[in-house]
Amino acid sequence: MVVASCWCSSSSSWLPLPLSCNLKPATPLSLKWKCLAFSEPSSCSLVHNDQDDMQALLHILPSDLHHNLLNQPDRPQLLEVILDLGRFPEARYLGKHGGQYLRNTEVTVKELEYAQQAVGEFGKDNRAGIEGTLHRISAIRSRNGHVVGLTCRVGRIVTGQIDMLYDLLQYGKSILFVGRPGVGKTTVMRETARVLSDELHKRVVIVDTSNEIGGDGNIPHAAIGGARRMQVPEPSVQHRVMIEAVENHMPEVIIVDEIGTEAEAQACRSIAERGVMLIGTAHGQQLENIIKNPTLSDLIGGIETVTLGDAEARARNCQKTILERKALPTFDFLIEMRDRHYWLTHQTDKSVDMLLRGKSPQVEVRKRDEKCKVVIEKSKAYDKCPI
């Protein structure tokens with residue numbers, strides 16, 4: 001039963017600004033999960049909290065921690081549980097700085113081995129999941145390869161973020177998201193996959209390297225809607241799976257999380273040149289981080305050194321040797337997620353050109369007001385936006 005409402009976009013017509021509406025109980029998500037709305041001002045989204053999913057995570061923990069967390073009043077805000085050998089187990093919560101110790105005895109080797117056996121095999125990226133859920137278990141290993149620490153991160157279905165970019169999806173242009181860890185990039189990828197496949201009726205393929213978007217197991221989580229999911233055997237071959245997705249499955253949209261290598265950047269360009277819409281995330285907090293990163297700069301067109309003639313240098317009032325964008329960007333839009341509810345949208349080619357000339361580009365600010373309604377401010381100076 002849906003016990004909360006949020007501001008969301010109507011999918012039935014073109015809307016330059018989202019309208020307010022109640023979450024419809026007829027949606028598959030609302031039939032399967034109970035919805036919880038947090039009371040913090042920044043939490044304008046709905047968290048669909050499947051109790052079975054939470055139980056699956058708690059079952060890999062020592063029994064005393066399991067019961068301790070079940071009785072915590074702020075369990076819906078649980079972010080992750082930390083188990084480090086020889087230290088007290090710790091729980092971290094959304095909206096709270098620091099952690100909370102769960103007991104005053106240290107984590108033992110036997111407890112780590114129990115959790116490792118319950119989770120199963122870790123991938124080469126030291127990540128594992130729990131089948132049928134969005135939870136992620138990450139291991140810290142010693143020099144000998146033994147697990148000496150576990151980060152058990154809670155995975156939840158969060159809806160309501162899509163109205164921050166619903167109008168951009170209508171253009172069918174590629175969008176790149178950047179932002180610090182934990183700001184909600186993967187959550188946006190997941191809901192974008194669902195909306196593009198179920199509401200906009202696109203053929204969507206997710207290249208899911210660590211099963212973070214579609215969850216663990218061979219059957220993808222219902223949170224991605226009708227989007228198809230291709231799993232990646234190991235992170236180093238993600239670029240190959242991206243090309244395979246285009247060549248074998250005729251997608252209209254490809255969604256890929258954590259673009260981080262030159263090969264993946266080149267694969268993105270190859271996909272975009274075939275007319276396929278790309279939705280992705282990259283390592284970095286701001287557009288300037290991508291510009292200065294030689295591995296990823298191809299995503300925004302690449303950077304090259306150009307020597308100007310005397311007349312051109314005088315006309316531009318600049319040095320003779322300058323940096324310029326080399327080609328069209330792979331991604332038409334770049335969104336800086338400064339916060340979960342405060343985004344800066346760049347028209348990539350224009351913003352890159354302005355920054356390379358030492359000028360401040362105009363950006364579009366997308367944020368929520370005190371009533372959680374999306375507010376879009378057009379043509380705001382980039383250097384005037386708070387960091």
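The values are calculated or read from the model by the stated rules, or taken from the named source; none is laboratory data. Because the structure is predicted, anything quoted here is derived from the model rather than measured. We place every Cβ from the backbone using ideal geometry, glycine too, and count neighbours over all the protein chains shown. Just the protein is used for accessible areas: all its heavy atoms, side chains included, with ligands, DNA and RNA removed. Shrake-Rupley method; radii C 1.70, N 1.55, O 1.52, S 1.80 Å.
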HN-Hα couplings for region 327-338 via Karplus (6.51, -1.76, 1.60; θ = phi - 60°), in whole Hz with x for Gly/Pro, come out as 8, 5, x, 5, 10, 6, 10, 10, 10, 8, 8, 5
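Give, in nm to one decimal, the length gained when the segment between Met250 and His97 is fully stretched (0.36 nm per residue of separation minus the Cα-Cα distance). Could the numbers behind the result be given before it?
On the way: separation 153, 0.36 × 153 = 55.08 nm, distance 4.51 nm.
The Met250-His97 span can extend by a further 50.6 nm.
Once the piece of chain linking Lys124 and Asp74 is laid out straight, how much longer is it, given 0.36 nm per residue of separation minus the C-alpha distance between them?
Values: separation 50, 0.36 × 50 = 18.00 nm, distance 3.37 nm.
Gain in length upon complete extension: 14.6 nm.
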Nonlocal amide H pairs with Gly129, under 5 Å, H built at 1.01 Å | Ile137
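With +1 on each Lys and Arg Cβ and -1 on each Asp and Glu Cβ, and nothing else charged, work out how big the dipole of the chain is about its Cα centre, in Debye to the nearest 20.
760
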Model label zone, His59; criterion: amide N under 16 Å from point 7 Å along Cα-to-beta-carbon; scope region 110-125 | 114-121
Over the heavy atoms of Thr105, what accessible area does a 1.4 Å probe trace out, to the nearest 10 Å²?
-> 70
Note the full-extension length gain between Glu312 and Glu262 as 0.36 nm times their separation in residues minus their Cα-Cα distance, in nm to one decimal.
-> 14.7 nm
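Keeping the other protein chains in place, figure out the carbon and sulfur percent of the accessible area of the chain, with a 1.4 Å probe.
On the way: 9240 of 18880 Å².
In the chain, the share of accessible area belonging to carbon and sulfur is 49 percent.
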Express in Å², to the nearest 10, the accessible area of Cys318 obtained by rolling a 1.4 Å probe over the protein heavy atoms while all chains stay in place.
-> 50
How much accessible area does Arg316 have with a 1.4 Å probe, in Å² rounded to the nearest 10?
-> 90
Average accessible area per residue (Å²) across region 199-241 - probe 1.4 Å, nucleic acids and ligands excluded = 46
Can you list residues whose amide H is under 5 Å from Arg368's amide H, if they're 5+ apart or on another chain and H is modeled 1.01 Å from N?
-> Val375
Of Lys185/Lys367; Lys292/Lys380; Lys173/Lys320; Lys124/Lys173, those spanning more than 25 Å from alpha-carbon to alpha-carbon | Lys173/Lys320; Lys124/Lys173
Do the sum for the chain: with -39,500 (n - 2.57) for every DSSP H run of n ≥ 4, divided by all residues, what is the mean residue ellipticity at 222 nm, to the nearest 500 deg cm²/dmol?
-> -7000 deg cm²/dmol
Take the Cβ-Cβ distance between Asn144 and Lys373 as r, set R0 to 51 Å, and report the resulting FRET efficiency rounded to the nearest 0.05.
-> 0.40
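Give the range of the longest stretch in the chain that excludes all chymotrypsin sites (Phe, Trp or Tyr not before Pro) found in loop regions by DSSP and having at most 11 other beta-carbon atoms within 10 Å. Mind showing how you got there, number by number?
Values: sites that count: Trp14, Tyr171.
My reading of the result: 172-387 is the longest stretch.
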With θ set to phi - 60° and the Karplus curve 6.51 cos²θ - 1.76 cosθ + 1.60, what are the ³J(HN,Hα) couplings of region 215-223 in order, to the nearest whole Hz, using x for Gly and Pro?
-> x, 7, x, 6, 9, x, 5, 5, 5
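Taking DSSP loops as anything outside H, G, I, E and B, show the longest stretch in the chain free of GluC sites (Glu not before Pro) there with at most 14 other beta carbons within 10 Å. Intermediate results must be reported in sequence, preceding the final value.
Numbers: sites that count: Glu106, Glu121, Glu370.
With a cap of 14 other Cβ atoms within 10 Å, the longest stretch comes to 122-369.
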Per-residue HN-Hα couplings for region 87-103, Karplus 6.51 cos²θ - 1.76 cosθ + 1.60 at θ = phi - 60°, whole Hz, x for Gly and Pro?
-> 10, 6, x, 9, 10, 10, 10, 4, x, 10, 7, x, x, 10, 5, 8, 6
